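Taking it in order: structure first as structure tokens, then the write-up.
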Amino acid sequence: MCRKIIFLYMLMFLSFSVEAQKVQTTKVVADKATKLPLDKVNIYNEKDNSISNEEGAFSFVSDIHELNFSLIGYENRKMSFEEVQKQDTIFLQSKITELDEVVIGTEVLLIKKAYAKMIDNYALSPYNENFFLRCTLKKNNEMSRLQDIYGKVSRNAIFKTVKVPDNKCAVEILNMRKVGIKEKMDFIDFQFQSFENLFDVNALIAINLDEFEFTREKGMIGNYVKISFIQKETNSLGQKTSGYFIINKADYAIVETYFDFYDDGANVPFKKNGKVNYRTVRFQRTTNYKKSDVTKRYYLNNANSIVRVEAVDNKEIEKRFYDYTANFFVTNSFIASKADSNLSMDKDIFRVKFPYSESFWASQNQLPLTTDLKDFLNRVSENKDKKEEFEVIGNF
């Protein structure tokens with residue numbers, strides 16, 4: 001019988017094709033000086049959005065033959081599909097200078113002003129959007145689960161507010177692929193978070209300013225200000241939450257947030273669940289907000305969560321580390337059609353059932369497979385018939 005531990009918490013191949021007036025390209029984006037790949041670069045035009053993965057790879061499909069590249073700290077770049085086709089790698093020029101000594105004193109005032117401008121800056125009325133979500137789980141650095149979802153969400157607002165305290169959303173899954181493998185002797189199972197929890201965590205932006213110390217960092221170019229924060233006192237787990245806000249002084253919108261909820265994971269006390277003692281030792285979350293050219297309101301463009309859980313049992317299992325990631329990004333924002341909900345918002349995402357569409361996943365390129373994920377799928381294929389040793393769960 002499995003014991004469940006609740007888990008609180010994207011080819012470098014060149015291609016270019018035209019089909020039904022849509023153009024598709026897959027490339028890599030990198031830093032011009034270091035030549036290192038750039039993660040979370042926004043690639044977009046008036047209609048479509050995409051984002052680069054940790055290998056710098058991105059894919060883009062659109063009937064508008066223009067791409068914009070944007071990443072905080074780098075010069076924006078606009079290119080035609082024809083220009084992109086001629087290059088193996090798209091390079092972005094850094095705008096960041098070396099950090100000078102920090103400036104202290106006006107941080108709280110800047111954040112308060114950003115909070116006061118939220119009603120003007122963000123999408124606080126109902127809207128709809130298309131999204132991709134990738135969730136992965138590793139056990140001792142070896143991939144054990146992959147889940148990719150393409151869907152539609154109808155939101156009441158981007159954040160919970162006084163007028164919309166619950167901010168309930170409706171999600172319609174349009175396509176999904178998932179696979180998981182584990183040894184049958186392994187009695188530990190993990191429950192992924194629900195969509196309800198995912199959206200709540202992704203949209204975290206408000207903090208109690210009295211509980212934190214703030215530092216304004218130099219080195220941000222243009223209108224952007226980066227303010228780091230750390231909790232003054234430890235919480236019940238002996239941890240201090242830290243992170244940063246990046247604020248655009250042109251309109252005082254918070255355009256990026258980062259939270260690190262564990263500063264001393266090695267000293268977090270264990271919890272017990274059946275035979276297993278476990279504890280969360282890492283939980284980090286980054287969210288980026290983008291301003292719509294149509295509505296002039298900011299929406300949640302992409303969010304990434306990284307969680308590590310340690311599990312140990314002195315008699316039956318050695319120490320294990322489970323690493324969970326959730327990468328959410330919007331492809332089309334403020335669309336007309338509403339989501340026709342086909343799942344429960346509080347259900348474990350990995351337990352959601354939806355048929356696999358080979359044609360969709362063969363033609364989509366918004367979620368390119370990393371080398372790590374390719375190796376994982378090969379391992380699943382090699383072991384799927386060893387039913388006495390392994391349990392394989394999936395829809396493809």
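At 1.4 Å probe size, with the rest of the protein present, what percent of the exposed accessible area of the chain is carbon and sulfur atoms? So the carbon and sulfur contribution to the accessible surface is 49 percent. Compared with the rule-of-thumb size 2.2 N^0.38 Å for a compact globular protein, the chain has a Cα radius of gyration ratio of 1.01. Given R₀ = 45 Å, what would the calculated FRET efficiency be for residue 54 paired with residue 209, taking r from the Cβ atoms and rounding to 0.05? The value I calculate is 0.85.
The phi torsions of the range 147-157, fed into the Karplus equation with coefficients 6.51, -1.76 and 1.60 and a -60° offset, translate into couplings of 9, 10, 10, 10, x, 9, 10, 10, 10, 7, 6 Hz, rounded to whole numbers, with Gly and Pro shown as x. Dipole magnitude for the range 202-244: computed about the Cα centre from +1 point charges on Lys and Arg Cβ and -1 point charges on Asp and Glu Cβ, it is near 200 debye. FRET efficiency for the pair residue 32 and residue 342, taken as 1/(1 + (r/R0)^6) with r the Cβ-Cβ distance and R0 = 35 Å, rounds to 0.20. Note on the chain: dipole from Cβ charges, positive end direction compared against 199, 265, 303; the farthest Cα belongs to 199.
Taking the range 31-91 as the region of interest, the number of lysine pairs whose Cα atoms are within less than 17 Å, with members eight or more places apart or on different chains, is 6. Listed by chain and number, the lysines placed with their C-alpha closer than 21 angstrom to that of residue 117 are 160, 163, 226, 249, 290, 291, 296; residues fewer than eight positions away on the same chain are left out.
Each Lys and Arg Cβ is given +1 and each Asp and Glu Cβ -1; about its Cα centre, the range 157-298 then shows a dipole of about 300 debye. The listed peptides 80-92, 38-50, ordered by packing as a protection proxy, come out as 38-50, 80-92 (highest mean of other Cβ atoms within 10 Å first). Summary of packing: across the peptides 229-240, 63-74, the per-residue average of other C-beta atoms within 10 Å ranks them, highest first, as 63-74, 229-240. Scoring 250-257, 219-226 by mean Cβ neighbours within 10 Å over their residues and listing the highest first yields 250-257, 219-226. Note on the range 105-215: percent of Cα-Cα distances in each 5 Å bin, starting at 0 and stopping at the bin with the largest distance, equals 2, 8, 15, 16, 14, 12, 12, 10, 7, 3, 1, 0. A full extension of the chain between residue 321 and residue 233 corresponds to an added length of 28.9 nm, given 0.36 nm per residue minus the alpha carbon distance. The residues of the range 270-330 present an accessible area of 44 Å² per residue when probed at 1.4 Å with all protein chains retained.
The values are calculated or read from the model by the stated rules, or taken from the named source; none is laboratory data. Computed from a predicted structure; not experimentally measured. All Cβ positions, even for glycine, are placed from backbone atoms using ideal geometry, and neighbour counts span all protein chains on display. Accessible surface areas use protein heavy atoms only, side chains included; no ligands, DNA or RNA. Shrake-Rupley method; radii C 1.70, N 1.55, O 1.52, S 1.80 Å.
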